[in-house]
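Here the structure is laid out as structure tokens; the discussion comes afterwards.
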Amino acid sequence: EEGIFSQRASRIRESSARVEYDLPSFGSSTLQLGVQAQRFWHELEYRAENTLADSLGAFSLSGGMADALAAYGNYRWEGEGLLTAELGLRLQHYGPTESVYAEPRLSLGYRLTEDWLLKAAYGESHQFTQEVVNLNPQRISAMGSLWTLADDDRLPVAAGREGSLGVSGEVGDWFFDAEAYYKRVKGITTLNSLLLREDLAEGDSRATGLDLLVKRRWANWRSWAIYTLSKT
């Protein structure tokens, strides 16, 4: 059988410390500031063999340590009960790449009526713990994923962005929530398990979808149904 995995292992450990400070409220606004320090340890090893081609592919990333330091702030404003806005910014410095990554976030809520709310959100993010996906189509779910740390050389820092638009509200004992979204991730990494080469392949992901939640309550009982329509 082609592509027999003879050895595969990965390990990730993380420790972190965080300090947050909430500034006293002024008017209808609040401001939160914080810093976070993270330390990661990682190991990754992978070996695969092709018995028909009499070949062997392997790579090993020796264990190591990486530090990340982030500063962030979140500002929330409420305007006379109709409009709510929340703006956040997170700046992350990652040791292995010696780069600073900015992650802005924005969410808006507008109350159409007393019972109905229109909402929108946008955000960006980066992930330093990188999942190495196994995309062997012959056994697509037979193996779990490997995990390691990004270095922006062999393994890129994954960058994502997401936007959403939705509406929620109540009618009697019924509650409805519908949200459409778009997501994009750059820097997905996968094993070249079919070619058995000693490197990794990179790609992007795009997803669009619609989530619908319906809840009903009566007396001390609650019921709900969730439907998701998505394309990735």
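The values are calculated or read from the model by the stated rules, or taken from the named source; none is laboratory data. Here the structure is a predicted model, which means the values were calculated and not measured. Note that we place each Cβ from the backbone using ideal geometry, even for glycine, and neighbour counts take in every protein chain shown. Remember, those area values only see protein heavy atoms, side chains included, never the ligands or the DNA or RNA. Shrake-Rupley method; radii C 1.70, N 1.55, O 1.52, S 1.80 Å.
Listing for the model above:
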{"item": "Filtered residue count, segment 79-104, keeping only those that are open to solvent by 60 Å² or more (accessible area, probe 1.4 Å), within 24 Å of the chain's Cα centre (by Cα) and in contact (Cβ under 8 Å) with a residue 24 or more places away in the chain", "result": "2"}
{"item": "Any hit, segment 14-22, residues being at pLDDT below 80 and either under 20 Å from Arg154 (Cβ atoms) or open to solvent by 60 Å² or more (accessible area, probe 1.4 Å) (or both)", "result": "no"}
{"item": "Count - residues of segment 64-86 that are among the charged types (D, E, K, R) and closer than 30 Å to Ser10 by Cα", "result": "1"}
{"item": "Of the criteria (1) hydroxyl-bearing (Ser, Thr, Tyr); (2) modelled with pLDDT of 95 or more; (3) over 15 Å from the mean Cα position of the chain (by Cα), which one Ser125 fails", "result": "(3)"}
{"item": "Identity of the residue in segment 23-33, in a strand (DSSP E or B) and open to solvent by 60 Å² or more (accessible area, probe 1.4 Å), that ends up nearest to Gly73 (Cα to Cα)", "result": "Leu33"}
